[in-house]
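The values are calculated or read from the model by the stated rules, or taken from the named source; none is laboratory data. Small disclaimer: the values here were computed from a predicted structure and weren't measured. Every residue, glycine among them, receives a Cβ derived from its backbone with ideal geometry; neighbour counts consider all protein chains shown.
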Ligand code: PXP
């Protein structure tokens, strides 16, 4: 089966730093460690409320990452201007609500189609690959293709909350097959851990996983490099035995 990329989301290294508003731990140093441990790319989300990653982190990541940089952001003019200037390898557009604890749902591509289509067009024009974070929903997948995205990232939150409910995994499998069948690259992420990642990693169409919170949590006990290696091993094992 084709190799599946592992992108590590380093936001929560910054969450720990922001608890004291100091310099430590530095998410950029963390990104370098993740790369050395086998991450294929680094993901960071510059939120409107700057609750974890700060502007300076994004600037430093853009010049320090030696793999590829996946910038997660809301589709706003401020963020589009930033992406234009920094030219990350990929932008993943996500919805943002100030009161949420994390990115709780996917983009509503139908309701916001005009704004998202404009944003994707601007990113495409700058040569930036664009991915849309959406639920495993056929209509949202079709709309993502219509607005010109190269990729979709399927929100795995429902699966992560109920990994033993066969419907949650079936939804991801069906969505992945549908996305790939209409020419989209398929990514996935949210709430994935060493314990629950295997069935998702085994879905053949999924080319890339974005994993953050579980890696930073596990790193407290075993270190960041080991946490990345554990995930990589689980993904490789799942694909080898699928
Ligand atoms: N993908 C996207 C688009 C996200 O917004 C996030 C963080 O919410 C993740 C992946 C990673 O999720 P987690 O931190 O739960 O692994």
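Residues checked against (1) under 16 Å from the mean Cα position of the chain (by Cα); (2) under 14 Å from residue 92 (Cβ atoms); (3) surrounded by fewer than 20 Cβ atoms within 10 Å (Cβ to Cβ):
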{"residue": "21", "(1), (2), (3)": "no, no, yes"}
{"residue": "34", "(1), (2), (3)": "yes, no, no"}
{"residue": "40", "(1), (2), (3)": "yes, no, yes"}
{"residue": "49", "(1), (2), (3)": "no, no, yes"}
{"residue": "57", "(1), (2), (3)": "no, no, no"}
{"residue": "63", "(1), (2), (3)": "no, no, yes"}
{"residue": "67", "(1), (2), (3)": "yes, no, yes"}
{"residue": "75", "(1), (2), (3)": "yes, yes, no"}
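Checking each residue in the stretch 146-169 for being on the phi < 0 side of the Ramachandran plot and surrounded by fewer than 18 Cβ atoms within 10 Å (Cβ to Cβ) picks out 146, 161, 162, 164, 165, 166, 167.
Find all pairs meeting these conditions: Cβ atoms under 6 angstrom apart; at least six residues apart or on different chains; first residue within the stretch 176-205 and more than 19 Å from residue 137 (Cβ to Cβ); second residue at pLDDT below 95. If the second residue must be at pLDDT below 95, the pairs left are 202/242; 204/1. Flag: residue 113 does not match the condition of being under 18 Å from the mean Cα position of the chain (by Cα) and without any contact (Cβ under 8 Å) to a residue 60 or more places away in the chain.
Give me a count of the residues in the stretch 184-218 that are outside any loop (DSSP other than H, G, I, E, B) and either touching a strand residue (DSSP E or B) at 6+ places or on another chain (Cβ under 9 Å) or surrounded by fewer than 21 Cβ atoms within 10 Å (Cβ to Cβ) (or both).
The number of residues fulfilling the criteria is 21.
Every condition in (1) out of contact with any helix residue (DSSP H, G or I) (no Cβ under 7 Å at 6 or more places or on another chain); (2) at pLDDT 95 or above is met by residue 242 except one, and the failing one is (2).
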